[in-house]
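First the structure, in the form of structure tokens, and then the observations on it.
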Amino acid sequence: MKRHNDYQYAGYLYILPWIIGFLSLQLIPLINSFVYSFTNLQLLGTRRFIGLENYAKLFKDPLFWQSMKVTFLYVLMAVPCKIGFALLIAIILNQNLKGINLFRTLYYLPSILGGSVAISVLWRYLFMDNGILNNILSFLHLPTHSWLGDPRLALPTIGLVTVWQFGSSMLIFLAGLKQIPAVLYEAAELDGSGKLRTFWRITLPSLSPIVLFNLVMQMINAFQEFTPAFVITQGGPLNSTYLYGLLLYNQGFKFFKMGYASALSWILFAIILVFTGLTFFSSQSWVHYGDNV
């Protein structure tokens with residue numbers, strides 16, 4: 001008969017691959033990056049402790065402030081649009097219609113096909129000056145635009161990449177909609193409540209925990225966004241799409257300033273931590289659980 005400790009050791013053995021991966025790929029690199037942020041480490045060179053010099057330097061860097069501005073604009077634009085669009089499509093796909101499962105699959109496909117790089121390449125060919133969209137507009141005798149060459153249009157254009165990949169958020173919203181008791185809608189209908197009032201009074205409060213989850217996850221992802229700016233515009237034109245992730249990448253892997261890049265990464269971590277904390281703090285006034293709808 002096996003002893004209790006034997007089962008315990010077996011459990012540790014099962015999770016050993018995850019523990020090794022967590023230590024080698026997450027925890028140790030995290031600690032190292034914090035240490036490196038206080039050094040002048042070069043990618044292929046030695047390092048020397050310089051204290052807070054990297055942090056003092058970045059606050060004097062014009063590109064740092066430009067990337068901060070662009071990133072905050074990107075987050076404010078992409079996150080609400082993506083969540084709102086995902087919720088709208090989830091409500092539409094929640095209807096009991098013939099062939100609705102096919103439409104649910106089609107709407108989810110952009111989130112899983114090809115990955116961010118392939119979709120970014122597609123976006124570049126779609127919105128470039130002689131791209132597909134301008135060719136269609138020209139064929140219809142409508143005015144064309146320099147979607148990626150105009151500083152006013154470039155950031156919203158690459159932001160559409162994120163908004164278009166709304167499938168995961170939509171799926172979570174759809175699962176939440178399925179859990180709302182039908183009796184609530186029946187009672188609202190008997191009271192003569194319209195669809196818009198029912199949405200604000202029943203649907204949205206019932207989905208508020210899911211809205212919170214999607215908001216936090218999409219906000220974290222948006223602050224770390226890198227691929228569209230790197231593949232589509234390289235941060236241009238005039239640094240109008242120079243996201244923080246692109247600045248961090250360039251400093252670390254283009255100019256080999258790994259110490260400086262580590263300091264940048266920890267500033268980003270602090271920003272995400274603050275905004276995530278503020279979001280959870282504010283959720284006390286608008287997120288409803290269980291019977292508190």
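The values are calculated or read from the model by the stated rules, or taken from the named source; none is laboratory data. Note that the structure is a prediction, hence the values are computed from the model and not measured. Counting neighbours? That spans all protein chains shown, and the Cβs are built from the backbone with ideal geometry, glycine included. When the accessible area is computed, the model is the full protein with side chains, heavy atoms only, and any ligands, DNA or RNA have been set aside. Shrake-Rupley method; radii C 1.70, N 1.55, O 1.52, S 1.80 Å.
Can you go through Ser193, Ser206, Ser169 and tell me which one is in contact (Cβ under 8 Å) with a residue 12 or more places away in the chain and more than 18 Å from Cys81 (Cβ to Cβ)?
Ser206
Report, by residue number, each residue of the stretch 253-274 that is under 22 Å from the mean Cα position of the chain (by Cα) and in contact (Cβ under 8 Å) with a residue 60 or more places away in the chain. Reasoning before the result, please.
Going through the stretch 253-274, the residues under 22 Å from the mean Cα position of the chain (by Cα) turn out to be 261-274.
Result: Ser262, Ala263, Leu264, Ser265, Trp266, Ile267.
Give the stretch 166-178 a look and list any residue that's surrounded by 20 or more Cβ atoms within 10 Å (Cβ to Cβ) and within 15 Å of Met219 (Cα to Cα), or say none.
Selection gives Phe166, Ser169.
Okay, residues lined up against (1) closer than 30 Å to Val183 by Cα; (2) open to solvent by 70 Å² or more (accessible area, probe 1.4 Å):
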residue: Gln218; (1), (2): no, no
residue: Asn221; (1), (2): no, yes
residue: Gln224; (1), (2): no, yes
residue: Pro228; (1), (2): no, no
residue: Phe253; (1), (2): no, yes
residue: Leu264; (1), (2): no, no
residue: Ile272; (1), (2): no, no
residue: Ser283; (1), (2): yes, no
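Condition test on Thr241, is it surrounded by 21 or more Cβ atoms within 10 Å (Cβ to Cβ), touching a residue at least 60 places away in the same chain (Cβ under 8 Å) and within 23 Å of the chain's Cα centre (by Cα)?
Taking the combined requirement at face value, the residue satisfies it.
Would you check if there is a residue in the stretch 262-274 being assigned to a loop (DSSP other than H, G, I, E, B) and closer than 30 Å to Ile50 by Cβ?
Checked against the condition, which is being assigned to a loop (DSSP other than H, G, I, E, B) and closer than 30 Å to Ile50 by Cβ, the stretch 262-274 yields no hits at all.
Would you tally the residues in the stretch 28-47 being open to solvent by 60 Å² or more (accessible area, probe 1.4 Å) and either modelled with pLDDT under 90 or within 10 Å of Met258 (Cα to Cα) (or both)?
Result for the stretch 28-47: 6.
Say whether the condition of being at pLDDT 80 or above, among the aliphatic types (A, V, I, L, M), open to solvent by 50 Å² or more (accessible area, probe 1.4 Å) and part of a helix (DSSP H, G or I) is met by at least one residue in the stretch 102-116.
No, because not a single residue in the stretch 102-116 is at pLDDT 80 or above, among the aliphatic types (A, V, I, L, M), open to solvent by 50 Å² or more (accessible area, probe 1.4 Å) and part of a helix (DSSP H, G or I).
Under 8 Å between Cβ atoms, which residue pairs at least 6 apart in sequence (or on different chains) link something in the stretch 119-137 that is buried (at least 16 other Cβ atoms within 10 Å of the Cβ) with a partner that is in a loop (DSSP other than H, G, I, E, B) and among the polar types (S, T, N, Q)?
What qualifies is Ile119/Gln165; Asn134/Thr144.
For the stretch 17-52, what are the residues that are assigned to a helix (DSSP H, G or I), closer than 18 Å to Ser265 by Cβ and among the aliphatic types (A, V, I, L, M)?
Matches in the stretch 17-52: Leu25, Leu27, Ile28, Leu30, Ile31, Val35.
Please determine whether any residue of the stretch 189-210 is closer than 27 Å to Ser120 by Cα, part of a helix (DSSP H, G or I), open to solvent by 10 Å² or more (accessible area, probe 1.4 Å) and not aromatic (Phe, Trp, Tyr).
no
Residues Gly259, Gly245, Gly235, Gly252: which one is in contact with a Leu (Cβ under 9 Å, 6 or more places away or on another chain) and outside any helix (DSSP H, G or I)?
The conditions single out Gly235.
If you check Tyr9, Tyr74, Tyr55, which single one turns out to be modelled with pLDDT under 90 and in a helix (DSSP H, G or I)?
The unique qualifying residue is Tyr9.
Per-residue answers, yes or no, for (1) among the aliphatic types (A, V, I, L, M); (2) more than 24 Å from Ser116 (Cβ to Cβ); (3) touching a His at 6+ places or on another chain (Cβ under 6 Å):
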| position | (1), (2), (3) |
| --- | --- |
| Asp150 | no, no, no |
| Ala154 | yes, no, no |
| Trp164 | no, no, no |
| Ile172 | yes, no, no |
| Lys195 | no, yes, no |
| Ser206 | no, yes, no |
| Pro209 | no, yes, no |
| Met217 | yes, no, no |
| Pro228 | no, no, no |
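Scan Lys82, Lys60 and give me the residue that is modelled with pLDDT of 90 or more, charged (D, E, K, R) and open to solvent by 90 Å² or more (accessible area, probe 1.4 Å).
After ruling out the rest, the residue left standing is Lys60.
Quick check on my filter: what residues within the stretch 49-81 are within 26 Å of Gly259 (Cβ to Cβ), touching a residue at least 40 places away in the same chain (Cβ under 8 Å) and out of contact with any Ser or Thr (no Cβ under 8 Å at 6 or more places or on another chain)?
Matches in the stretch 49-81: Lys57, Leu58, Leu63, Phe64, Gln66, Ser67, Met68, Thr71.
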